[in-house]
1. Scan the stretch B:51-96 for residues that are among the β-branched types (Val, Ile, Thr) and either touching a strand residue (DSSP E or B) at 6+ places or on another chain (Cβ under 8 Å) or buried (at least 18 other Cβ atoms within 10 Å of the Cβ) (or both) and report the count.
2. So which of B:ILE243, B:ILE249 ends up being surrounded by 23 or more Cβ atoms within 10 Å (Cβ to Cβ) and either in contact (Cβ under 8 Å) with a residue 60 or more places away in the chain or in a helix (DSSP H, G or I) (or both)?
3. Looking only at the stretch B:66-102, count every residue that is polar (S, T, N, Q), farther than 27 Å from A:TYR106 by Cα and not in a loop (DSSP other than H, G, I, E, B) and tell me the total.
4. Applying the selection to the stretch B:131-145, what residues are more than 10 Å from B:LEU200 (Cα to Cα), surrounded by fewer than 24 Cβ atoms within 10 Å (Cβ to Cβ) and either more than 7 Å from every other protein chain (Cβ to nearest Cβ) or polar (S, T, N, Q) (or both)?
5. Give me the residue from the stretch A:53-97 that is of a type in the set (Gly, Ala, Ser) and out of contact with any helix residue (DSSP H, G or I) (no Cβ under 7 Å at 6 or more places or on another chain) and, out of that set, surrounded by the most Cβ atoms within 10 Å (Cβ to Cβ).
6. List the number of the failed condition for B:ARG207; all other conditions in (1) out of contact with any helix residue (DSSP H, G or I) (no Cβ under 6 Å at 6 or more places or on another chain); (2) surrounded by fewer than 16 Cβ atoms within 10 Å (Cβ to Cβ) hold.
7. For the condition more than 30 Å from A:SER288 (Cβ to Cβ), away from chain B (no Cβ under 11 Å) and either in contact (Cβ under 8 Å) with a residue 60 or more places away in the chain or surrounded by fewer than 21 Cβ atoms within 10 Å (Cβ to Cβ) (or both), what is the one hit in A:ALA135, A:ALA158, A:ALA190?
8. What single numbered condition from (1) assigned to a helix (DSSP H, G or I); (2) more than 9 Å from chain A (Cβ to nearest Cβ); (3) closer than 19 Å to A:LEU233 by Cβ fails to hold for B:THR283?
Amino acid sequence: MRANRWFTPWLLVLPALVWLLAFSLWPSINTVRLSFTNASPLGGVSQWVGLQNFETLLADPQVWEALLNSVIYMAVCLPLLTVLPLLMAVLVERKLPGIAFFRTAYYTPVIASAVVVGLIWNWILDDRGVINEMAQHLGIVQSSIPFLTDRWLLVFSAISLTVWKGLGYYMIIFLAALGNVGKDLHEAAALDGAGSVRRFWSVTMPGVRGTMTLVGILVCVSALRVFSELYILTNGTGGPGGQDNSLVMLIQQYARGFTGNLGYASALSLLLFVVTLIPMLALARMNSKADK
Amino acid sequence: MTNTTSTTEPALGGAAGAAAPSPDVAGATDAGRASRPPRKRRRAAWGVMSTREKVLRYVLLVVVLFITIGPFLWQLSTSLKGTGEDIYTANPSFIPTQPTFGNYLRVGEAIPVFGYIGNSLVVAAIDVLGNILFATLAGFALARLQWRFRKAVLGLFLATLVLPGEATIISQFVTVKDLGLADSLVGVALPGMIAALNVLLMFNAFRQIPEEIDQAAVMDGANALQRLRYISLPAVQGTIAVIAIFSFIGAWDDFLWPLIVLQSPDKLTLTVGLQYLQGTFATDQRMIAAGTMIAFIPIAVIFAILQRFFFKGVEEGGVKG
């Protein structure tokens, strides 16, 4: 093929490359640099403070609470968001009349803003919201369940929101994977008398194992990155005594105002980056072992 | 997705949305007919569903439907209930007894909601146009042109996918602040204007076009831009639609980044403004419900109109990763 002029590809790729450098690569490097300073969101001169931010971070009880919340978040989201969306994908896989409507409807929570979803659940889980009113009316509980004010219930309320919002997203990924599972295998299994449950375990599951690992990684990473759900459900406070923060909530709180500290927020960002690498590496390793 | 006919009819996909399921119905009856010759009986075993299974599937579909869109309907219902109606009742009714749009008007009185919608649209427009244009150009250069460092640049785009966006948000804010764009809509829109993921999606789409077509065009003396315009672009419209939809949704729904960048009350985007509404009028659930519906309905309508492009894009492999 005739070579194009040497600069043509560079011209085409230039804007995207500049953006990549300015808004991805440089910020990653700059995060490391900032984490050794006490830069303020209001500007002014920042000073080099050495490892001080990291020392503060390790001794900060809020950071440990946030990490604990994240571990709980991951532990609950991982099984729910790898299994339920797969079942949903199996449900909408076969093309029945009207299936396009169901697929679209199941995807609706994904396209809604986390703020919208957060406010909807805020109302549903309210002290006088539909769940509490119904539960009291039916005599299941005497007083309202403190979904939005209890330190632990808040985490689970936010998790239920994340799971509900994530179902459709992972369903689509599984749907794409199911399309690649050989129809011939299903046919052969059906011919041999395998029922749908048996076919699910023997044909579908092995066919989507790689996708399950991918989804597992995505679920864990997004559980560690959770922000909007907790922010809206706690109205930005981080719950009673700030015990319901996530790492990203803390980063946002330190990014603003007079008490803000971009240096400390950057140290938290580095911690976030390291923490998100753990599930990626762990699950990638599990997968490569299972392949042997 | 399981249907073999869907791949043979790309032109039909461009017809009205209601037409989308019809090829599949035809496919099912084809399979039924095909079951008569003995050698194709296998297909029938998988293709035909018993009535019992069909009923069971529809029951499950409706149950899941209730779970996924029930909360939206409940919010819609609350937003339409009049102030004289008890929204806290233990016997909640989905249908408002005193339906009114008054709550929507009161949102407009409490916060400059049309200004916020305008701000969100400005940000979304910049991000949609930027991503379509620049991801297309870059994806084309990476997939269809031969040049040194092509693999290195591609690797660079891939490498940034590992970075969680929240981990660099602070130094992104510093960058935007240094550019003098803090507390401005351009500052909100700028970092999302070209996403590495979209460049890779376009790369992937362009790569699937057969090489021979390009070679023929080169023989005819077409330059790179002509090949992009007349050969490659028509083949990747599905991926461009997916990128457009998701750039819009991403910008419209984003919360953390505008929350960090914006300070002035008149510059807020809709999501940040809504959060402000909740913080200020926390006790008025009807009004908050109306506010959430104002943010939700436009995006739901857009997605409902464009969903067939999206699901087509999924089937073409845009999301396979």
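Read the figures in this text as sums done on the coordinates, not as results from a lab. Just so you know, these numbers come straight off a predicted model, no measurement behind them. Because the Cβ atoms are built from the backbone with ideal geometry, glycine has one as well, and the counts that use them run over all protein chains shown.
1. Of all residues in the stretch B:51-96, those among the β-branched types (Val, Ile, Thr) come to B:51, B:55, B:59, B:62-64, B:67-69, B:78, B:83, B:87, B:89, B:95.
From what's left, either touching a strand residue (DSSP E or B) at 6+ places or on another chain (Cβ under 8 Å) or buried (at least 18 other Cβ atoms within 10 Å of the Cβ) (or both): B:64, B:68, B:78, B:87.
Summing the residues that are among the β-branched types (Val, Ile, Thr) and either touching a strand residue (DSSP E or B) at 6+ places or on another chain (Cβ under 8 Å) or buried (at least 18 other Cβ atoms within 10 Å of the Cβ) (or both) in the stretch B:51-96 gives 4.
2. B:ILE243
3. 0
4. B:ILE132, B:LEU133, B:ARG144, listed by residue number.
5. A:ALA75
6. With (1) out of contact with any helix residue (DSSP H, G or I) (no Cβ under 6 Å at 6 or more places or on another chain); (2) surrounded by fewer than 16 Cβ atoms within 10 Å (Cβ to Cβ) applied to B:ARG207, the lone miss is (1).
7. When all the criteria are applied, what remains is A:ALA158.
8. (1)
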